[in-house]
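This report refers to the structure that appears directly beneath it.
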Ligand code: PMP
């Protein structure tokens, strides 16, 4: 992924993609001191840009480091990085991390570095799987509870168990893994939140130990607008047979129907595909984003 053309915004300046390198003693690599965002630009506009930037700053604050820019500067830099790469439909990845200025668990004299990369990423899951619903298996690891990890932060360190779980899923022919919380209730997949449908109402796990995703919040609002009840609750694996449809949501995954969770199967239906379509229209419903004067 490092060998391609393009420009990466790196500590305030554009550098060629292949030259956006770090020192091997970067604190973030040793101790997981990095926070990031995942955004999508549609038709020249980054959907929910301000909310993503706010979450980036909040994640950094939770991990006790300061981003040396304002939120407005970061918003502007995200838009400019898309423009510099001549992209109007792309994924946007801002990341902030502690540098190589000090290497020990304590990190008070490290600097916070920031980069933004953008690239084309049309679909998170295989298009054919999408129609029938993606296949999920059970993850080996559970989400840590909120008193064991900074679960409100989109922190790189929290993705270590996601990568292990997703690798295992793909190796076994699944698309992704579904993670439980520490009490054995359903939490989320390795990169998306989950919804179930029963009797025309949406049911979704209460986000007490994982991100209350921006897509999740958007889909809840779209569903309520459409007159559907949305119930946040505790959902256990043995509840699966009581639901008729299931889908997952996230910036990269958008709204993706689920066809299988382990031994249980779902047939993606009218409500799921209606929300797929409503979300698709919603994220594209705004005019091209204008840059405010500097
Ligand atoms: N959970 C995890 C683990 C994620 O990586 C993501 C993607 N950021 C989400 C949920 C969904 O968050 P969002 O809708 O804000 O992209």
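Which of the residues belonging to segment 191-201 are surrounded by fewer than 22 Cβ atoms within 10 Å (Cβ to Cβ) and without any contact (Cβ under 8 Å) to a residue 60 or more places away in the chain?
Kept after step one, since they are surrounded by fewer than 22 Cβ atoms within 10 Å (Cβ to Cβ), are these residues of segment 191-201: 191, 198-201.
Selection gives 198, 199, 201.
Within segment 79-91, which residues are touching a residue at least 40 places away in the same chain (Cβ under 8 Å) and either in a helix (DSSP H, G or I) or closer than 19 Å to residue 285 by Cβ (or both)? Step through it out loud before you land on a result.
The initial filter retains those residues of segment 79-91 that are touching a residue at least 40 places away in the same chain (Cβ under 8 Å), namely 79-82, 84-85, 87-91.
Those that are touching a residue at least 40 places away in the same chain (Cβ under 8 Å) and either in a helix (DSSP H, G or I) or closer than 19 Å to residue 285 by Cβ (or both): 79, 80, 81, 82, 84, 88, 89, 90.
Consider residue 120 against the criteria (1) in contact with a strand residue (DSSP E or B) (Cβ under 7 Å, 6 or more places away or on another chain); (2) surrounded by 15 or more Cβ atoms within 10 Å (Cβ to Cβ): it satisfies all of them except one. Which criterion is unmet?
(2)
Being under 30 Å from residue 285 (Cβ atoms) and either at pLDDT below 95 or surrounded by fewer than 20 Cβ atoms within 10 Å (Cβ to Cβ) (or both) is the filter here; which residues of segment 50-76 pass it?
Across segment 50-76, the qualifying residues are 50, 51, 54, 57, 58, 69, 70, 71, 72, 73, 76.
Go through segment 10-35 and count every residue that is under 25 Å from residue 160 (Cα atoms) and in contact with a helix residue (DSSP H, G or I) (Cβ under 6 Å, 6 or more places away or on another chain).
Selection size over segment 10-35: 4.
Determine the pairs where a residue that is not assigned by TED's automatic domain parsing to the domain that holds residue 36, located within segment 47-58, has a partner that is more than 8 Å from the ligand (Cβ to nearest atom) and in a loop (DSSP other than H, G, I, E, B) with Cβ atoms under 9 Å apart, the partner being 6 or more residues away or on another chain.
none
Tell me whether segment 96-110 contains one or more residues that are under 22 Å from residue 159 (Cα atoms), within 18 Å of the chain's Cα centre (by Cα) and assigned to a strand (DSSP E or B). Give the steps one after another, and end with the answer.
To start, the set of residues in segment 96-110 that are under 22 Å from residue 159 (Cα atoms) comprises 96-100, 103-107.
Cutting the leftovers down to within 18 Å of the chain's Cα centre (by Cα) gives us 96-97.
When the remaining residues are screened for being assigned to a strand (DSSP E or B), the result is 96-97.
Yes; the residues of segment 96-110 include at least one that is under 22 Å from residue 159 (Cα atoms), within 18 Å of the chain's Cα centre (by Cα) and assigned to a strand (DSSP E or B).
Of these, 201, 146, which one is touching a strand residue (DSSP E or B) at 6+ places or on another chain (Cβ under 7 Å), at pLDDT 95 or above and more than 9 Å from the ligand (Cβ to nearest atom)?
Numbers: 146 fails: touching a strand residue (DSSP E or B) at 6+ places or on another chain (Cβ under 7 Å).
Exactly one of 201, 146 is touching a strand residue (DSSP E or B) at 6+ places or on another chain (Cβ under 7 Å), at pLDDT 95 or above and more than 9 Å from the ligand (Cβ to nearest atom), namely 201.
In this structure, is residue 152 outside any strand (DSSP E or B), more than 14 Å from the ligand (Cβ to nearest atom) and modelled with pLDDT of 95 or more? First the steps, then the outcome.
Working: outside any strand (DSSP E or B): yes; more than 14 Å from the ligand (Cβ to nearest atom): no; modelled with pLDDT of 95 or more: yes.
For residue 152, the condition - outside any strand (DSSP E or B), more than 14 Å from the ligand (Cβ to nearest atom) and modelled with pLDDT of 95 or more - is not met.
The values are calculated or read from the model by the stated rules, or taken from the named source; none is laboratory data. Note that the structure is predicted; figures quoted are calculated from it, not measured. When we count neighbours, we look across all protein chains shown, and the Cβ atoms used for this are built from the backbone with ideal geometry, even at glycine.
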